[in-house]
Amino acid sequence: MPLRARAILLPFALLIVGGWLLQGCLYIPTFNAPLSEDPSKQVGGEHSRKPLRVNGATRDDVERVLGMPERVNVDGTEIVYGWEARKGIWVYPLCFQTETDDQRRALLLRFDEHGMLRSYDVGRYGELLRSHRWNYGGRLRQSPSPPPGAPYRTIPPT
């Protein structure tokens with residue numbers, strides 16, 4: 001790079017970086033790095049090499065590999081496993097402080113009436129449960145025990 005171009009670009013780059021730092025915060029993405037064991041890494045499509053495959057794994061296979069689920073519907077055709085993931089880190093250089101951006105993730109597994117795994121979804125915990133009828137009265141259940149007559153129950157963690 002010619003000396004003249006470097007002499008122009010260096011101050012300009014320093015102005016950009018300085019302005020970015022003066023805004024007060026920086027976001028460093030970590031791309032949903034799991035903070036606890038991610039059960040979705042064990043589940044795959046019908047032709048995958050993962051231990052739990054759609055149309056190949058039974059409910060017993062899933063519980064043997066992943067353990068007891070967090071939530072199960074009444075007839076046992078849908079189960080949920082959850083874990084924590086880090087989306088990113090906020091850095092506040094002027095305050096000498098950092099803050100993590102964590103979220104709860106979920107793996108929803110669906111079985112047929114014979115206990116064969118037929119499909120699965122992975123997503124944000126609350127959004128995934130709301131979009132698949134894991135709710136009571138239009139909102140996600142917050143208490144450990146379901147309301148009377150509710151179609152779903154929670155298995156307490158062991």
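The values are calculated or read from the model by the stated rules, or taken from the named source; none is laboratory data. As the structure is a computational prediction, the values presented were derived from the model and not from experiment. Here the Cβ is made from the backbone with ideal geometry for all residues, glycine too, and neighbour counts use every protein chain on show.
Just checking, how many residues over segment 62-99 are among the acidic types (Asp, Glu), more than 30 Å from GLY19 (Cβ to Cβ) and under 22 Å from the mean Cα position of the chain (by Cα)? Matching residues across segment 62-99 total 4. Filtering segment 54-80 to residues that are surrounded by 14 or more Cβ atoms within 10 Å (Cβ to Cβ) and of a type in the set (S, T, N, Q) leaves THR58, ASN73, THR77. When PRO93 is tested against (1) out of contact with any helix residue (DSSP H, G or I) (no Cβ under 7 Å at 6 or more places or on another chain); (2) under 20 Å from PRO29 (Cα atoms); (3) at pLDDT below 95, just one condition goes unmet, and that condition is (1).
Yes/no matrix, rows are residues, columns are (1) out of contact with any helix residue (DSSP H, G or I) (no Cβ under 8 Å at 6 or more places or on another chain); (2) modelled with pLDDT under 95; (3) of a type in the set (S, T, N, Q); (4) part of a strand (DSSP E or B):
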| position | (1), (2), (3), (4) |
| --- | --- |
| ARG4 | yes, yes, no, no |
| PHE12 | yes, yes, no, no |
| ILE16 | yes, yes, no, no |
| LEU21 | yes, yes, no, no |
| ILE28 | yes, yes, no, yes |
| PHE31 | yes, yes, no, yes |
| SER36 | yes, yes, yes, no |
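Scan segment 46-88 for residues that are in contact with a Ser or Thr (Cβ under 9 Å, 6 or more places away or on another chain) and among the acidic types (Asp, Glu) and the total you get is 2.
Tell me which residues, restricted to segment 38-60, are of a type in the set (A, V, I, L, M) and touching a helix residue (DSSP H, G or I) at 6+ places or on another chain (Cβ under 7 Å).
First, pick out the residues of segment 38-60 that are of a type in the set (A, V, I, L, M): 43, 52, 54, 57.
Across segment 38-60, the qualifying residue is only LEU52.
A count restricted to segment 57-74 and to residues that are closer than 18 Å to ASP121 by Cβ and assigned to a loop (DSSP other than H, G, I, E, B) stands at 3.
For segment 76-94, how many residues are assigned to a loop (DSSP other than H, G, I, E, B) and either without any contact (Cβ under 8 Å) to a residue 12 or more places away in the chain or in contact with an Asp or Glu (Cβ under 8 Å, 6 or more places away or on another chain) (or both)? Break it down into steps so the answer makes sense when it comes.
Taking segment 76-94 first, the residues assigned to a loop (DSSP other than H, G, I, E, B) are 76-77, 93-94.
Applying the additional criterion that residues be either without any contact (Cβ under 8 Å) to a residue 12 or more places away in the chain or in contact with an Asp or Glu (Cβ under 8 Å, 6 or more places away or on another chain) (or both) yields 77.
Total meeting the criteria: 1.
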